[in-house]
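The values are calculated or read from the model by the stated rules, or taken from the named source; none is laboratory data. All values reported here derive from a predicted model rather than from experimental measurement. When we count neighbours, we look across all protein chains shown, and the Cβ atoms used for this are built from the backbone with ideal geometry, even at glycine. Accessible surface is based on the protein model in full, side chains and every heavy atom, while ligands, DNA and RNA are left aside. Shrake-Rupley method; radii C 1.70, N 1.55, O 1.52, S 1.80 Å.
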Amino acid sequence: MAAARACLVALAVAAALFLEGTAAAGNAGAAPLKQRRRQLLRQRQVRSHLKRLNKAPLATIESPDGDLIDCVHISNQPAFDHPFLKNHTIQMRPAYHPEGLYDESKVASQQQTQTITQMWHQNGKCPEDTIPIRRTKKEDVLRASSVRRYGKKRHRSTPNPMSVDPDMLNESGHQHAIAYVEGDKYYGAKATINVWQPKIEQANEFSLSQLWILGGSFGQDLNSIEAGWQVSPDLYGDNNTRLFTYWTSDAYQATGCYNLLCSGFIQINNQIAMGASIFPISNYGGSQYDINILVWKDPKEGNWWLQFGDNYVLGYWPSFLFSYLTDSASMIEWGGEVVNSEPDGSHTSTQMGSGHFPEEGFGKASYFKNIQVVDSSNNIKAPRGVGTFTEQSNCYDVQNGNNGDWGTYFYYGGPGKNSNCP
């Protein structure tokens, strides 16, 4: 009898061990299955996003830098995915340019300037009634933290000269060296921006030089229109210097994006591609190259227009995209921005501008010159009461000035990490 009981106990223990082993094996098998499901879901999201972004082209041009530039019919561009733009009539030209703009352009053309173009122009051009769009590749989207965040800046990336909170600086990781004006109503801004190719330490960092048209507070409701040049390995997959734009109406949270990576900006120009490489680039101690950027509010239609150089009117942001900027801007900023992703208070060696400090001057430090604002009468003029701002001047600095040839100008930038910026 005792032997039979012992036998039954042994069988029960064996059965329990078997069931436990089966459950453990089941759980072990479930983990890779969940992971596989997540991967499949992300792949589906990426495919769907690419389908939405990459419109059917009438022609495609392969750029020497590896970009594919799709010539998409103007009425089929991403802007028209926006529900409020379904029956929009494209405004093919602004009703008004700012007053005084072309007198100034004549003066500028008499000065010796170096011409900048886009790399893809070497291999062709887009036909009339199309716009050039840099094709988004699967790898571009996969580099983003999520499909939803692809093509978007981080929250709190706009410099607020009114508040330097060290905790916020560490939290956002964005650093700036800028000139700015505030305290009036502004209807546009212009600048000639020196073009460089700053070195980026880590792929998730960037370096850019741009102007900001700002409305609202620096809280959750900030409106911003931005344009300039940037080097961003995370966004583009390389270290080329590229023309870019950005917009947001809620402080970079849900609305807006870079270039044409969401619906909003309406492009009318068939010669310049947002996000495409620009060249040539300035050389330290050698040839210097600049781009002209102008953003202004058309007083008749109310849309915010973008012009690149003296001849390329690129398109517009419809005013309904914004809240504060539906009326006017309350602050204009010009300058550089980098992302510092180094942990524990150490600093990145990602460069801003040329990677050299302002005191090195022309040919060595990067600059903005002829910075101007558009007033309520649609006149373009020199800004009054220009301030400067940088979070850590031993890492990146800014120095402004004024003279006959360059109007209101400033040198800016720096190397990031150095003996005074550990």
With the crude spin-label approximation of a point 7 Å out along Cα→Cβ, what separation in nm comes out for residue 154 versus residue 96?
4.1
Percent of Cα-Cα pairs more than 13 Å apart in the range 326-380, please.
73
The extension gain from residue 310 to residue 271, computed as 0.36 nm times the residue separation minus the Cα-Cα distance, is 12.7 nm
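Could you rank the peptides 31-42, 274-285, 376-387 by their average count of other C-beta atoms within 10 Å per residue, with the highest value first?
So the peptides 31-42, 274-285, 376-387, ranked by packing, come out 274-285, 376-387, 31-42.
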Classify the range 287-374: rounded, prolate or oblate, from the alpha-carbon gyration tensor (a ≥ b ≥ c, eigenvalue square roots; a/c under 1.5 rounded; otherwise prolate if a/b is larger than b/c)?
oblate
Placing each pseudo-label 7 Å from Cα in the direction of the beta carbon, residue 42 and residue 137 end up separated by a distance in nanometres of 1.9
Convex hull volume of the chain per residue (C-alpha atoms, cubic angstrom)
196
Per the 1/(1 + (r/R0)^6) rule, R0 = 35 Å and r from the Cβ atoms of residue 62 and residue 199, FRET efficiency to 0.05 is 0.85
Rg and Dmax of the range 342-412 over Cα atoms: what are they, in angstrom?
15.0, 49
Projecting each Cα onto the charge dipole of the chain (Lys/Arg +1, Asp/Glu -1 at the beta carbon, about the Cα centre), which of 284, 66, 159 comes out farthest on the positive side?
66
Before I look further, what does the chain give for accessible area per residue, probe 1.4 Å, in whole square angstrom?
46
I need the calculated FRET efficiency for the pair residue 146 and residue 405, taking r as the beta carbon distance and R₀ as 45 Å, to the nearest 0.05.
0.40
Among 153, 199, 51, which one moves the most in a GNM of the chain with springs linking Cα atoms closer than 10 Å?
51
Can you give me the Cα centroid spacing of the range 241-313 and the range 363-383 in angstrom?
16
Proximal charge balance of residue 94 [Cβ under 9 Å; K/R count +1, D/E count -1]:
0
Which of the lysines could a cross-linker span from residue 153 if the Cα-Cα distance has to be under 28 Å and same-chain partners fewer than 8 positions apart are dropped?
51, 55, 86, 137, 138, 185, 190, 199, 297, 369, 417
List, in order, the whole-Hz ³J(HN,Hα) value for each residue of the range 138-154 obtained from phi through the Karplus relation with A = 6.51, B = -1.76, C = 1.60 and θ = phi - 60°; use x for Gly and Pro.
4, 4, 4, 5, 5, 6, 6, 5, 7, 4, 5, 8, 4, x, 10, 7, 6
How large is the accessible surface of residue 231 in square angstrom, using a 1.4 angstrom probe and rounding to the nearest 10?
0
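Length gain on complete extension for the stretch residue 376 to residue 301, per 0.36 nm per residue less the alpha carbon to alpha carbon distance?
25.6 nm
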Normalised per residue, the volume inside the convex hull of the alpha-carbon atoms of the range 221-287 in Å³ amounts to 116
Could you check how much of the accessible area of the range 233-292 is carbon and sulfur, as a whole percent, using a 1.4 Å probe?
44
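Considering only protein heavy atoms, with the full assembly of protein chains and a 1.4 angstrom probe, order 255, 241, 326 by accessible area, largest first. Walk me through the numbers on the way to the answer.
Values: 255 40, 241 5, 326 65 Å².
Ranked list, largest accessible area first: 326, 255, 241.
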For the chain, take the longest principal axis of its alpha carbons; what is the angle in degrees between that and the long axis of helix 2-53, to the nearest 10 within 0 to 90?
20
